[in-house]
Amino acid sequence: MNFKDIENKNVAELVKQKSELVAKLFDMNMKNSLGQLASPHQIRTTRRDIARINTALLRKSAR
């Protein structure tokens, strides 16, 4: 996910996308603990996507 794509979205879309990613991260962590996750590196990329969204939300609230 590119930061420029995130920056162009409004706050409501970002909050919705963040909640979806948090749910996805929870599922991936559960599958990883059970040994069913095919590619564990996706956990890292999802965490970083959530961090990018949080950064964009903070920037938008500071404006």
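Taking the Cα centre of the chain as origin and charging only Cβ (+1 Lys, Arg; -1 Asp, Glu), how large is the dipole, in debye to the nearest 20? Intermediate values should be presented prior to the final figure.
Details: 13 positive and 6 negative charges, 46 e Å.
That gives the chain a dipole magnitude of about 220 debye.
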If you plug each phi of the stretch 45-60 into the Karplus form 6.51 cos²θ - 1.76 cosθ + 1.60 with θ = phi - 60°, what whole-Hz ³J(HN,Hα) values come out, in order, with x for Gly and Pro?
-> 5, 5, 4, 5, 5, 4, 5, 5, 5, 4, 5, 5, 5, 5, 5, 5
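Between M30 and K60, what is the FRET efficiency for a Förster distance of 35 Å, r being their Cβ-Cβ separation, to the nearest 0.05?
Working: r = 31 Å, r/R0 = 0.90.
Efficiency computed from Cβ-Cβ geometry: 0.65.
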For the stretch 3-62: Kirkwood Rh in Å [reciprocal of mean 1/r, alpha carbons] | 12.2
Go ahead and collect, in residue order, the members of the stretch 27-63 whose backbone nitrogen is under 17 Å from a label point 7 Å along the Cα-Cβ direction of E13.
-> 50, 52-61
Ordered by packing density, taken as the mean number of other Cβ atoms within 10 Å over each peptide's residues, highest first, how do 10-18, 36-44, 49-57 rank?
-> 49-57, 10-18, 36-44
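Bear in mind these aren't lab numbers, they're just calculated from the coordinates by the rules spelled out. It should be emphasised that the depicted structure is a prediction, and the values quoted were computed from it without experimental measurement. Cβ: placed from backbone, ideal geometry, glycine included. Neighbour counts: every protein chain shown.
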